[in-house]
Amino acid sequence: MTQQLPYPFTDAIEAILLDKTGARALLLDVLASIVHPDMVCSLFALRSMAEADKLLAQRCIEYALVAGLTPQESAAVYRFIEPRIAARF
């Protein structure tokens, strides 16, 4: 069964999927830091992001802080990010 994610996360995932140059690596890091306790993303580093990506990151962070992700939603986001993070190493 496919997990329906909140719009901030589907928008961010779509942006990452459309990125063919790796320019959205920091956005991927933001998602990882939201759903995995061992992943850390410096807010200072986000200053270098494109404005559109900053807005996507802000929306995801705000959603996670205010509404919160369910365990199933967190797991679905993690399933998306894990192979992309692992591919870096």
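All of the numbers you see were taken from the coordinates with simple rules; none came from a lab. Computed from a predicted model, the values in this text were never measured in an experiment. Cβ: placed from backbone, ideal geometry, glycine included. Neighbour counts: every protein chain shown.
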Checklist entry - Roughly how many nanometres apart are two label points built 7 Å out from the Cα toward the Cβ at S42 and Q4? => result 4.0 nm
Checklist entry - Which one of S33, S74, S42 has the biggest mean-square fluctuation once the chain is modelled by GNM with Cα springs under 10 Å? => result S42
Checklist entry - Within the chain, what's the longest stretch lacking trypsin sites (Lys or Arg not before Pro) that sit in DSSP loops with no more than 12 other Cβ atoms inside 10 Å? => result 21-87
Next on the checklist: Relative contact order of the chain, please, whole-number percent, based on alpha carbon pairs below 8 angstrom and at least 6 residues apart.
Outcome noted: 38 percent
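Taking the Cβ of Y78 as the centre, find all other residues whose Cβ is under 12 Å away and add up their charges (Lys, Arg: +1; Asp, Glu: -1). The partial results should precede the final answer.
Values: positive: R79, R84; negative: D38, E73, E82.
Every neighbour counted, the sum reads -1.
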Next on the checklist: Please give me the summed charge of the neighbours of A67: other residues whose Cβ is under 13 Å from its Cβ, Lys and Arg +1, Asp and Glu -1.
Outcome noted: -1
Checklist entry - Fully extended, how many nm does the chain gain between D19 and A87 (0.36 nm per residue separation, minus their Cα-Cα distance)? => result 23.0 nm
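At R0 = 25 Å, how high is the FRET efficiency between A75 and L55 if r is their beta carbon distance? Nearest 0.05 is fine.
Once rounded, the FRET efficiency stands at 0.50.
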Checklist entry - All other residues with a Cβ under 15 Å from the Cβ of D11 taken together, and with Lys, Arg as +1 and Asp, Glu as -1, what is their net charge? => result -3
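Which of the chymotrypsin sites (Phe, Trp or Tyr not before Pro) across segment 3-75 are loop residues per DSSP, with 14 or fewer other Cβ within 10 Å? Kindly include the intermediate steps, with their values, before the conclusion.
Values: sites: F9, F44, Y63; in loops: F44.
In loop regions of segment 3-75 (DSSP not H, G, I, E or B), the sparsely surrounded chymotrypsin sites (Phe, Trp or Tyr not before Pro) are F44.
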Next on the checklist: Show log10 I(q)/I(0) for segment 7-86 at q = 0.16, 0.19, 0.20 Å⁻¹, two decimals, from a solvent-free Debye sum over equal Cα scatterers.
Outcome noted: -0.52, -0.76, -0.85
